[in-house]
């Protein structure tokens, strides 16, 4: 099938040093351009040196690109014109591109002295089509796993009963089935009739609070996931910067975040006292 195009469109994907669209850097960029009147797409792939920004261990586990692999590659600034000219005034497409790839590309262009504008460009995020056309509602799950319709949707008791039936259907459907994530990592048969196993599978062990203000790094340490101390050891920062601690406690952060902050300071103080 050929796209019905009014203007060129470039689909692209980014691999980066991390997930912070402002602070992290692009280390690989792949673009595929579909042009009006040209049946064959044009491709461009670049490996890019991120300069002083280190590739996080979490990112390396996903894409497998090491610092050595990009050490002798050009910086984004050196290839900015090539990328700029390849995209031209084309529309843009990707998977989760509205939240990640496009903002990161705009930041890189800005650092290279180029104002990349979305004005007069249309964007297509394929992930959004997937999520909208394949709804992740309780009613949809009930239909998929139980082959039934909820009679009184959004009645609390009916929803709870449906949820229980859905879980039973999932356990039956996925028993003995391995899970392979988007990065190719396999979890052997994670869905089983065991609450501990189900909890371990459904919870991201890196997440510390529901608002994701804190997270665990690859060492298992609790670090900040926002602000000027992003990625820094939260206990150490909060103990040494009491002004920042008080700011968190006084501002509109969740009760859970405030509880964690106070607990981290207490535990860090106890650690220092016993050392």
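Footprinting exposure proxy ranking of 76, 185, 253, fewest other C-beta atoms within 10 angstrom first, gives 185, 253, 76. Which FRET efficiency value, to the nearest 0.05, do you get for residue 114 and residue 255 by plugging their Cβ-Cβ distance into 1/(1 + (r/R0)^6) with R0 = 30 Å? Efficiency, from the Cβ-Cβ distance: 0.10. Among rounded, prolate and oblate, which fits region 214-274 when a ≥ b ≥ c are the square roots of the eigenvalues of its C-alpha gyration tensor, a/c under 1.5 means rounded, and a/b larger than b/c means prolate? In terms of gyration-tensor shape, oblate. Restricting the count to DSSP beta bridges whose residues both fall in region 110-233, what percent are antiparallel, rounded to a multiple of 5? Expressed as a percentage, antiparallel bridges in region 110-233 total about 90. When peptides 11-17, 168-174 are sorted by average Cβ neighbour count within 10 Å, with the highest value leading, the order is 11-17, 168-174. For the chain, the relative contact order comes to 10 percent (Cα pairs under 8 Å, sequence separation of at least 6).
For the peptides 192-205, 87-100, the ranking by mean Cβ contacts within 10 Å, running from highest to lowest, is 87-100, 192-205.
Largest GNM mean-square fluctuation among 228, 258, 23, using the chain with Cα springs under 10 Å: 228. Listing 26, 150 from fewest to most neighbouring C-beta atoms within 10 Å gives 150, 26. Short-range pairs are left out: with C-alpha atoms under 8 Å and at least six residues apart, the relative contact order of region 109-164 is 20 percent.
Once semi-axes √(5λ) of the Cα gyration tensor in Å is calculated for the structure shown, the corresponding label among (i) 37, 32, 19; (ii) 42, 27, 16; (iii) 31, 23, 16 turns out to be (i). Sequence-distant contacts, meaning Cα pairs under 8 Å at least 6 residues apart, place the relative contact order of region 17-56 at 45 percent. Taking every DSSP bridge with both residues inside region 1-158, close to 70 percent are antiparallel. Among beta bridges from DSSP that stay inside the chain, the antiparallel ones total about 75%. Exposure proxy for 130, 109: other Cβ atoms within 10 Å of each Cβ, ordered fewest to most, give 130, 109. Between the alpha-carbon centres of region 49-99 and region 156-223 there is a gap of 31 Å.
Only helical runs count toward this figure. For the chain, summing -39,500 (n - 2.57) over DSSP H runs of n ≥ 4 and dividing by all residues gives -12000 deg cm²/dmol at 222 nm.
Values in this text are rule-based calculations from the coordinates and carry no lab data. Note that this is a predicted model, so its numbers are computed, not measured. Cβ: placed from backbone, ideal geometry, glycine included. Neighbour counts: every protein chain shown.
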